[in-house]
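Report on the following structure.
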Amino acid sequence: WQCPRPGWTLGLGAPGTVGGVPAMAGDLVQEVNEINETLRNLHQCLRASEDMLQMLVRSKGVLEHDLVVKNNSLFIDQERCMGMRKSYPSTVQILGYVSAGFT
């Protein structure tokens, strides 16, 4: 805090002081305490957000791996199994409904 007049210090009883302490010093101390509390809360929120980000990154990795596995399974099914399925008789044909004239 700078004194409004040169040569005055906080302990000399300048105008607007109580016992050598500026009257607004209590307000400043309270404001500093509020700012410190706000900083603590913001740091806590930051840590929680960083933890959540790490959890989401891990989940994304797991989901991407699952997607690769599923795509590979679909590729194998389409390329290697679809040909057998197309040439294999359908359930209707196996049960004999086609030959009985129900289709």
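The values are calculated or read from the model by the stated rules, or taken from the named source; none is laboratory data. What you see is a predicted model; the values in this text were computed from it and never measured. The accessibility values were calculated without ligands, DNA or RNA, using every heavy atom of the protein model including side chains. Shrake-Rupley method; radii C 1.70, N 1.55, O 1.52, S 1.80 Å.
Please work out if LYS70 is open to solvent by 100 Å² or more (accessible area, probe 1.4 Å) and at pLDDT below 95.
On the way: open to solvent by 100 Å² or more (accessible area, probe 1.4 Å): yes; at pLDDT below 95: no.
So LYS70 does not fit the description; no.
Taking the stated definitions as given, is VAL62 open to solvent by less than 90 Å² (accessible area, probe 1.4 Å), at pLDDT 60 or above and within 21 Å of the chain's Cα centre (by Cα)?
On the way: open to solvent by less than 90 Å² (accessible area, probe 1.4 Å): yes; at pLDDT 60 or above: yes; within 21 Å of the chain's Cα centre (by Cα): yes.
Spelling it out, VAL62 is indeed open to solvent by less than 90 Å² (accessible area, probe 1.4 Å), at pLDDT 60 or above and within 21 Å of the chain's Cα centre (by Cα).
ASP51 - would you say it is modelled with pLDDT under 90, part of a helix (DSSP H, G or I) and not aliphatic (A, V, I, L, M)? When the stated conditions are applied, ASP51 does not pass them.
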